[in-house]
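Student: Got a structure for you, written out below as structure tokens; questions coming shortly.
The values are calculated or read from the model by the stated rules, or taken from the named source; none is laboratory data. Since the model is a prediction, treat every value here as computed from it, not as a measurement. Don't worry about glycine lacking a Cβ; one is built from the backbone with ideal geometry, like all the others, and counts go over all protein chains shown. Surface accessibility is based on the protein's heavy atoms, side chains included, excluding ligands, DNA and RNA. Shrake-Rupley method; radii C 1.70, N 1.55, O 1.52, S 1.80 Å.
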Amino acid sequence: MAPISVQGFFKASRAAVADVELRRKLENANTRQRDHAARAITEFPSYQREKDAARAVKEEAIGRLDQLLLELRRKLQARGVKVFFAADAAEARDYIVKVARHAGAKLVVKGKSMTTEEIELNEALEHANIEVLETDLGEYIVQLRGEKPSHIITPAIHLSKEDIGELFQNKLQVPYTSEPAALTAIARERLRASFLRAEMGVTGVNFAIAETGTLVLVENEGNGRMTATMPETFVAVMGLEKVIPRLDDLSHFLEILARTATGQKLTTYTSFINGPRRPGELDGTREMHVVILDNGRSRMLADPVLRETLYCLRCGACLNVCPVYDRIGGHAYGSTYPGPIGSILSPELFGKSASHLPFASTLCGACKEVCPVKIDIPRILLHLRAKASADSEGIRWPWAAERARKGARRFARVARHPWAARMLGRMAGLILRPFAHDGYLRRMPPPFNAWTKGRDFPLPHSKPKATDARHPPGT
Amino acid sequence: MSEFQKLLGDVKAALEHAAGKRPHPVPEAAAVVPMTHMARRAELGSKFVRELEAVGGQVLEVGSASEAIEKIAELARRMGARSAVSAEALTADLARVDAELQRQGVEVICTGPVAKDDLAQMRARIARADLGIVEADYAIAASGTLAAIANATRPRSVSLLPPTSVIILHIDRIVPDLATLMRTIGPEKVSENPLVLITGPSRTADIEKRIVLGVHGPKELYVVLIWPKDE
């Protein structure tokens with residue numbers, strides 16, 4: 001999904017911030033998620049060590065990606081898996097639609113996969129008159145609503161159980177209930193029949209082990225296992241960064257992924273998928289395809305700063321701690337990948353239309369702190385901001401930069417004389433005090449309203465404590 | 001494979017553009033405190049039980065394989081199970097579980113190699129079974145995880161389709177952690193057979209982050225833990 005324009009983003013985020021109900025739901029879910037993860041991490045003394053090891057493996061893997069992709073392909077092909085390299089979203093879509101047509105698919109069941117959201121696979125299959133059914137509970141819910149996921153691992157985080165109860169009542173013609181267990185049972189019954197009927201299954205991939213030619217899929221519900229084993233044709237879609245060198249490397253990732261994502265030690269199911277079923281076997285698919293997607297990833301690889309973006313495991317931890325995500329939710333970003341990670345992924349994946357997203361951050365650094373593979377997201381955000389500003393095709397606010405420079409120069413002139421700065425501050429504080437509420441100014445006349453349109457302005461102290469930068473206290 | 005050549009070319013060019021750093025060495029695991037076999041077994045066993053219970057699994061502890069058979073028959077009776085499906089066990093003594101269930105009037109679906117034409121029918125039968133019985137190859141103490149390696153006589157759907165999953169585990173198959181499990185199974189076995197790690201019953205937290213058990217996989221998970229105490 002290509003992101004919306006910068007104006008669209010402002011509009012959507014203003015609406016989201018004003019949506020009290022959405023804020024309540026996000027705060028509720030994000031707080032739980034953060035608590036679970038924090039507990040799981042504190043209880044696991046090796047967390048730091050595993051994190052370091054995972055980071056080191058990613059550095060190695062991305063550093064010799066060409067060899068690893070070759071090895072992976074060779075191992076998979078030896079077992080009869082068809083491997084397709086897609087340069088962009090269109091190539092991936094076309095290939096998968098072709099496979100579905102060839103399989104005579106009328107119904108395609110899908111496991112949760114952000115990569116297929118990225119390439120807008122559902123739309124392409126539907127366009128080819130093939131029914132697509134999301135089977136992860138959260139994905140099923142947002143699909144019924146005609147929406148996109150608003151969180152990488154909790155797609156329906158923006159909905160309350162009452163919202164979902166009403167949705168099921170309207171779309172599935174069942175009596176209203178807001179009980180999560182009852183709602184889950186309804187979805188189970190509906191989807192069970194589809195798993196056995198579908199001709200084709202599509203899932204994402206969490207890790208691909210080059211050494212053994214194995215795809216690793218982690219999930220909690222069992223829909224991934226169903227999708228990968230029940231239909232006759234199975235297609236796995238992976239970004240090219242998912243490959244890791246050896247089986248031995250895997251445990252480092254699995255030990256951190258579930259803990260940071262959901263606070264579990266391990267997800268309920270971790271499936272190791274090798275290829276189509278062998279003679280005599282009951283499970284597994286007749287045909288198996290692996291689509292390895294570039295779609296801007298090799299450009300990230302070539303950029304020394306952006307490169308570590310490819311280490312991302314899609315755990316969603318950065319969304320859960322982000323003050324911006326916390327206030328506007330996933331949909332306002334307008335991109336497949338919301339939150340901090342989305343803001344550094346989207347510009348290369350979706351191009352110019354996402355170049356404003358790196359600005360949607362306070363640079364507080366919480367995302368970097370929580371990232372299990374230690375991606376320096378704030379640094380990358382700044383890098384992308386610089387890129388967007390320098391790019392003549394991108395966003396440019398030359399007047400804003402000029403004004404900021406002028407303002408800073410004026411301030412510098414005043415600040416050179418501490419007594420003048422103190423005096424001006426005290427005067428401003430006294431003059432403005434009658435207009436302030438709780439120490440903040442909510443509205444100011446132009447041109448200062450440029451500030452107060454978006455945020456309150458703190459009232460200057462009437463007794464400012466100026467310090468001399470040349471002689472900081474304690475020196 | 002021109003699309004592949006092109007992509008690989010792009011990747012290579014990208015790598016050359018940003019000359020890679022040397023990877024950091026992977027830190028070694030902490031040393032293990034020396035322990036007697038029985039003490040180690042007790043530690044792994046009790047840790048496994050606690051962790052499995054924490055994720056919503058239930059443990060039925062037995063002293064021997066024949067006791068395990070009795071326990072499974074009793075469970076089927078208690079649940080009022082009408083049909084069960086079992087995968088081939090690793091421990092020969094467990095072959096009698098089918099006979100015992102049949103004696104009780106439970107229809108038992110045996111899974112051997114299946115002919116191509118019978119696949120859909122066989123799956124539908126497994127999907128209707130009340131109980132799926134498999135033996136785990138290994139287990140992880142640290143997370144309460146079971147590992148099942150699949151093949152023609154041990155299909156994956158037995159632990160997936162029936163609403164109640166019974167997994168037999170011998171205590172000596174428990175390893176301390178995931179890294180040890182991966183080393184124990186090894187790359188060769190992983191590249192030959194499908195493998196699934198199971199940590200508790202199927203679950204979701206997609207609705208307001210509330211945990212609900214039994215989404216697409218089993219709602220109930222019983223582990224029949226064979227733990228001989230006399231040695």
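Student: Any residue at all in region B:85-95 that is charged (D, E, K, R) and touching a residue at least 60 places away in the same chain (Cβ under 8 Å)?
Tutor: Residues of region B:85-95 charged (D, E, K, R): B:88, B:93.
Now drop any that are not touching a residue at least 60 places away in the same chain (Cβ under 8 Å), which leaves B:88.
Yes - at least one qualifying residue is present in region B:85-95.
Student: Within region A:278-302, which residues are more than 7 Å from every other protein chain (Cβ to nearest Cβ), among the aliphatic types (A, V, I, L, M) and not in a helix (DSSP H, G or I)?
Tutor: Across region A:278-302, the qualifying residues are A:MET288, A:VAL290, A:VAL291, A:ILE292, A:LEU293.
Student: Could you please let me know if A:LEU363 is open to solvent by less than 40 Å² (accessible area, probe 1.4 Å), modelled with pLDDT of 90 or more and under 23 Å from A:ARG55 (Cα atoms)? Reasoning before the result, please.
Tutor: Numbers: open to solvent by less than 40 Å² (accessible area, probe 1.4 Å): no; modelled with pLDDT of 90 or more: yes; under 23 Å from A:ARG55 (Cα atoms): yes.
Criteria not met by A:LEU363.
Student: In region B:77-152, which strands (runs of 3 or more DSSP E) lie fully inside it and hold 1 or more residues that are within 26 Å of B:ILE174 (Cβ to Cβ)? Don't jump to the end; show me each part of the working.
Tutor: On the way: elements: B:83-86, B:107-110, B:131-135, B:138-140, B:145-149.
In region B:77-152, B:83-86, B:131-135, B:138-140, B:145-149 are the strands (runs of 3 or more DSSP E) which contain 1 or more residues that are within 26 Å of B:ILE174 (Cβ to Cβ).
Student: Which residue out of A:VAL202, A:VAL218 is within 24 Å of A:ALA37 (Cα to Cα), more than 8 Å from chain B (Cβ to nearest Cβ) and touching a strand residue (DSSP E or B) at 6+ places or on another chain (Cβ under 9 Å)? Give the steps one after another, and end with the answer.
Tutor: Working: A:VAL202 fails: within 24 Å of A:ALA37 (Cα to Cα).
Exactly one of A:VAL202, A:VAL218 is within 24 Å of A:ALA37 (Cα to Cα), more than 8 Å from chain B (Cβ to nearest Cβ) and touching a strand residue (DSSP E or B) at 6+ places or on another chain (Cβ under 9 Å), namely A:VAL218.
Student: Please go through region B:176-194 and pick out each residue that is open to solvent by less than 60 Å² (accessible area, probe 1.4 Å), more than 7 Å from chain A (Cβ to nearest Cβ) and modelled with pLDDT under 95.
Tutor: Let us first name the residues in region B:176-194 that are open to solvent by less than 60 Å² (accessible area, probe 1.4 Å), namely B:176-182, B:185-187, B:190-191, B:193-194.
Going one step further and asking which of them are more than 7 Å from chain A (Cβ to nearest Cβ), we end up with B:176-177, B:180-181, B:185-186, B:193.
Selection gives B:ASN193 alone.
Student: Six or more apart or on different chains, Cβ under 6 Å: which pairs go from a residue in region A:76-99 that's under 19 Å from A:LEU349 (Cβ atoms) and modelled with pLDDT of 95 or more to one that's among the polar types (S, T, N, Q) and outside any strand (DSSP E or B)? Could you list them?
Tutor: Once the first residue is under 19 Å from A:LEU349 (Cβ atoms) and modelled with pLDDT of 95 or more and sits in region A:76-99, its partners that are among the polar types (S, T, N, Q) and outside any strand (DSSP E or B) give A:ASP88/A:ASN295; A:ALA89/A:ASN295.
Student: Could you grab the pairs with beta carbons closer than 9 Å, sequence gap of 6+ or different chains, first residue in region A:405-427 and part of a helix (DSSP H, G or I), second one of a type in the set (D, E, K, R) and open to solvent by less than 90 Å² (accessible area, probe 1.4 Å)?
Tutor: A:PRO418/A:ASP468
Student: So which of A:GLU211, A:GLU126 ends up being among the charged types (D, E, K, R), within 10 Å of chain B (Cβ to nearest Cβ), over 17 Å from A:VAL237 (Cα atoms) and surrounded by fewer than 22 Cβ atoms within 10 Å (Cβ to Cβ)?
Tutor: Working: A:GLU126 fails: within 10 Å of chain B (Cβ to nearest Cβ).
Criteria check complete, one pass: A:GLU211.
Student: Going through region A:312-346 one residue at a time, which ones are more than 17 Å from A:ASP19 (Cβ to Cβ), of a type outside the set (A, V, I, L, M, F, W, C) and open to solvent by 20 Å² or more (accessible area, probe 1.4 Å)?
Tutor: Of everything in region A:312-346, just one residue is more than 17 Å from A:ASP19 (Cβ to Cβ), of a type outside the set (A, V, I, L, M, F, W, C) and open to solvent by 20 Å² or more (accessible area, probe 1.4 Å), namely A:ARG314.
Student: Tally up the residues in region A:278-302 that are more than 22 Å from the chain's Cα centre (by Cα) and without any contact (Cβ under 8 Å) to a residue 12 or more places away in the chain, please. Please lay out each step first, then the result.
Tutor: First, the residues of region A:278-302 that are more than 22 Å from the chain's Cα centre (by Cα): A:278-290.
Narrowing the set further to residues that are without any contact (Cβ under 8 Å) to a residue 12 or more places away in the chain leaves A:278-282.
Residues flagged as more than 22 Å from the chain's Cα centre (by Cα) and without any contact (Cβ under 8 Å) to a residue 12 or more places away in the chain within region A:278-302 amount to 5.
Student: Also: Pick out the one residue from B:ALA81, B:ALA65, B:ALA30 that is modelled with pLDDT under 95 and farther than 26 Å from B:LEU131 by Cα.
Tutor: Details: B:ALA81 fails: farther than 26 Å from B:LEU131 by Cα; B:ALA65 fails: farther than 26 Å from B:LEU131 by Cα.
It is B:ALA30.
Student: May I ask you to list the residues in region B:128-164 that are under 12 Å from B:GLU88 (Cα atoms), within 12 Å of chain A (Cβ to nearest Cβ) and among the hydrophobic types (A, V, I, L, M, F, W, C)?
Tutor: Within region B:128-164, B:ALA148, B:ILE149, B:ALA150, B:ALA152, B:VAL158 qualify.
Student: Considering (1) touching a helix residue (DSSP H, G or I) at 6+ places or on another chain (Cβ under 9 Å); (2) within 30 Å of A:VAL321 (Cβ to Cβ); (3) of a type in the set (A, V, I, L, M, F, W, C); (4) more than 14 Å from every other protein chain (Cβ to nearest Cβ), say which one A:ALA100 fails and leave the rest.
Tutor: (2)
Student: From the set of residues in region A:261-277 that are open to solvent by less than 20 Å² (accessible area, probe 1.4 Å) and more than 8 Å from every other protein chain (Cβ to nearest Cβ), which is farthest from the chain's Cα centre (by Cα)?
Tutor: A:GLY275
Student: Mind listing just one residue for me: the one in region A:303-317 that is among the aliphatic types (A, V, I, L, M) and either in a helix (DSSP H, G or I) or over 29 Å from A:GLY263 (Cα atoms) (or both) and, of those, farthest from the chain's Cα centre (by Cα)?
Tutor: Initial filter on region A:303-317 (among the aliphatic types (A, V, I, L, M)): A:305-306, A:310, A:313, A:317.
Retained after the next criterion (residues that are either in a helix (DSSP H, G or I) or over 29 Å from A:GLY263 (Cα atoms) (or both)): A:305-306, A:310, A:317.
Details: A:VAL305: 19, A:LEU306: 16, A:LEU310: 13, A:ALA317: 9 Å.
Result: A:VAL305.
Student: Specify which of the listed residues (A:ILE328, A:ILE375, A:ILE341, A:ILE380) is β-branched (Val, Ile, Thr) and more than 29 Å from A:GLU50 (Cα to Cα). First the steps, then the outcome.
Tutor: Numbers: A:ILE375 fails: more than 29 Å from A:GLU50 (Cα to Cα); A:ILE341 fails: more than 29 Å from A:GLU50 (Cα to Cα); A:ILE380 fails: more than 29 Å from A:GLU50 (Cα to Cα).
After applying the criteria, what remains is A:ILE328.
Student: Of everything in region A:1-45, what is among the β-branched types (Val, Ile, Thr) and surrounded by fewer than 13 Cβ atoms within 10 Å (Cβ to Cβ)? Give them in sequence order. Spell out how you get there, then give the answer.
Tutor: Residues of region A:1-45 among the β-branched types (Val, Ile, Thr): A:4, A:6, A:17, A:20, A:31, A:41-42.
Matches in region A:1-45: A:VAL20, A:THR42.
Student: Which condition number does A:GLU120 fail, the rest of (1) free of Cβ contacts under 8 Å to residues at least 40 places away in the same chain; (2) of a type in the set (D, E, K, R); (3) surrounded by fewer than 20 Cβ atoms within 10 Å (Cβ to Cβ) being met?
Tutor: Just one mismatch for A:GLU120, condition (1).
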